[in-house]
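Working notes, beginning with the structure itself.
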Amino acid sequence: MKLFWGRAGAVARKEVFHILRDPFALAAALGLPVLMVIIFGISIEFNMKDIPLAVNDADQTRSSRMLLDRFASSGYFGIRRVVSPHQAVAELTDQKARAALVIPPDFESDLISGRQGQLQLLIDGSDNSTVGPVSNYVNRIVGAGAPALYDLRTRYLFNPELDSRWFVIPGLTVVIMAILSILLTALTIAREWENGSMELLLSTPVRPVELIVGKLAPYGVLGIIAIAFVYVIARAVFQIPFVGNLAVFGLGSLLFLITYLAQGLLISVVARNQQVAMQLAMVTGMLPSNLISGFIFPIESMPTFFQYLTMLLPARWFMRIARDTFLQGSGLIELKVPFLALTFLCFAMIFLATRKFKRDLEP
């Protein structure tokens, strides 16, 4: 055992020297987590504000002015007054407004006579991601002025202010780790194949399993540092609460990191070329982590086939672990399904990677 760790440690030291001489690896490992958290944390905002709203008020009464005051003071809309419904449509066509509100001339008289006031809302449907929020905001504002038959009080648990950063930044842990672990591992080992240095390593007494451990260990340390960077920035800069157990979060991070390191190793063995390795890392690791892991789009809204497909992605399960430990304080009992799935995928990827690597290296 001592000889095993001695040889693996020698390979790891060689890899550390290689990383220190490689400015790309150092910049990606130390600068990318900070840069991504700051950029995404500031720029990604799911709560829409100051939506340009073209308004044609043909009524010009106290009731219509009170309604528009509610729109203006809500913070959701920026009012752009127009003189006719046709001009309101033109504002949408010219992309000057995202929605248009038309108030007919008999709006107040209908309300006074006990009839329901009629309003017309026109929404730009070319960007369907804004249709739902705009409709909800309008219904909330209009409904606030109507007499209610019941008193409904809503309380948002785990994220009282519905701050998008509380939702986005814990998920960035998944994306950053996927980029670092898969991309750096796949490219670095593929570079060894291209340069012919892998054959030199094989001519030494180092066994394949020792080579695997030594190669992956430094990138595991870089991944842990990246997780620490994301955590510190999330807590110190963006004031995101962490109500869970750090040990639970750390265990999930370690399982996910090992899984993606093994996947990067498998890619490098299959590709043996940096360009091909980068493409495979993008298709199998980075894109799924961004698009179908639940980072941005809810898995429940996906077609049934893709909901089942995401079960094969480690990113899906770690996304749940990261967000639930940050915001809900979930423990191992509540997260038993994600942990079991991630553990299974971790061992499966290690088995595939080491088996392929050994088969290609051993005579």
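Compare 303, 170, 218 in a GNM of the chain, Cα atoms joined below 10 Å, and give the one with the largest fluctuation.
The residue that fluctuates most here is 303.
Please give the length that would be gained between residue 333 and residue 22 if that part of the chain were fully extended, namely 0.36 nm times their separation in residues minus their C-alpha to C-alpha distance (nm, one decimal). Walk me through the numbers on the way to the answer.
Details: separation 311, 0.36 × 311 = 111.96 nm, distance 4.24 nm.
Length difference between fully extended and current span is 107.7 nm.
Where does each of 40, 71 land when they are ranked from fewest to most other beta-carbon atoms within 10 angstrom? Let's see the in-between values first.
Working: 40 17, 71 20.
Listed from fewest to most nearby Cβ atoms, that is 40, 71.
Grab the chain and count how many Lys pairs have their alpha-carbon atoms under 28 Å apart, sequence gap of 8 or more, or different chains.
For the chain, the number of qualifying lysine pairs is 10.
Could you give me the percent of Cα pairs per 5 Å distance bin for the range 62-148, shortest bin first, beginning at zero and ending with the bin that holds the maximum distance?
Result returned by the calculation: 3, 13, 24, 26, 20, 11, 4, 1.
Among 63, 289, 43, which comes first, second and so on when ranked by fewest other beta-carbon atoms within 10 Å?
Details: 63 17, 289 26, 43 8.
The order, fewest Cβ neighbours first, is 43, 63, 289.
Using the Cα atoms of the range 203-331 to build a convex hull, what is its mean projected area in square nanometres? Intermediate values should be presented prior to the final figure.
Values: hull surface 39.9 nm².
Answer in nm², one decimal: 10.0.
Quick check on the chain: helices-only [θ] at 222 nm, where DSSP H runs of length 4 and up contribute -39,500 (n - 2.57) each and the sum goes over total residues. Nearest 500, please. Spell out each step's value before the answer.
Working: 17 runs with 222 residues, N = 363.
About -19500 deg cm²/dmol.
Want the number for residue 96 to residue 296: 0.36 nm per residue separation, take away the alpha-carbon distance, what's left?
Extra length available between residue 96 and residue 296 comes to 69.3 nm.
For 324, 124, 106, what's the fewest-to-most ordering of other Cβ within 10 Å of each Cβ?
Working: 324 22, 124 18, 106 15.
Ascending Cβ contact count within 10 Å gives the list 106, 124, 324.
Quick one: check the C-alpha center-to-center distance for the range 20-56 versus the range 182-211, whole angstrom.
34
Can you list which of the DSSP-assigned H helices in the chain have a Cα extent of 30 Å or more along the long axis and an average Kyte-Doolittle score of at least 1.6?
Working: long enough: 208-236 (42 Å, 1.65); 246-271 (37 Å, 2.10); 336-361 (37 Å, 0.93).
For the chain, where a helix must reach 30 Å along its axis and average at least 1.6, the hits are 208-236, 246-271.
Mind giving me the nanometre distance, one decimal, between the label points for residue 239 and residue 34, set 7 Å out from Cα along Cα→Cβ?
According to this spin-label approximation, the distance is 2.3 nm.
Taking the structure as given and computing volume of the Cα convex hull per residue in Å³, which label from [x] 136; [y] 246; [z] 174 fits?
[z]
Can you compute the modelled spin-label distance between residue 130 and residue 60, with each label point 7 Å from Cα toward Cβ, in nm?
With each label point 7 Å from Cα toward Cβ, the separation is 2.9 nm.
Sequence gap at least 6, Cα distance under 8 Å: using those rules, report the relative contact order of the chain to the nearest whole percent.
On the way: 468 pairs, mean separation 74.4, N = 363.
Value for the chain: 21 percent.
Please list, in chain and number order, the residues 5+ apart from residue 78 or on another chain whose amide H is under 5 Å from its amide H, with Hs placed from the backbone.
Counting only residues 5 or more places away or on other chains, the set is 51, 53.
If every alpha-carbon in the range 262-341 counts as one equal scatterer, what log10 I(q)/I(0) does Debye give at q = 0.12 1/Å?
Results for the range 262-341 at q = 0.12 Å⁻¹ read -0.42.
If eta is 0.890 mPa s and T is 25 °C, what Stokes-Einstein diffusion coefficient results for the range 1-121, Kirkwood Rh from Cα pairs, in µm²/s? Mind dumping the intermediate values first?
On the way: Rh = 19.5 Å.
In µm²/s, the coefficient rounds to 126.
A short reminder: the numbers here are calculations on the coordinates, not readings from a lab. The structure displayed is predicted, hence computed values, not measured ones. Every residue, glycine among them, receives a Cβ derived from its backbone with ideal geometry; neighbour counts consider all protein chains shown.
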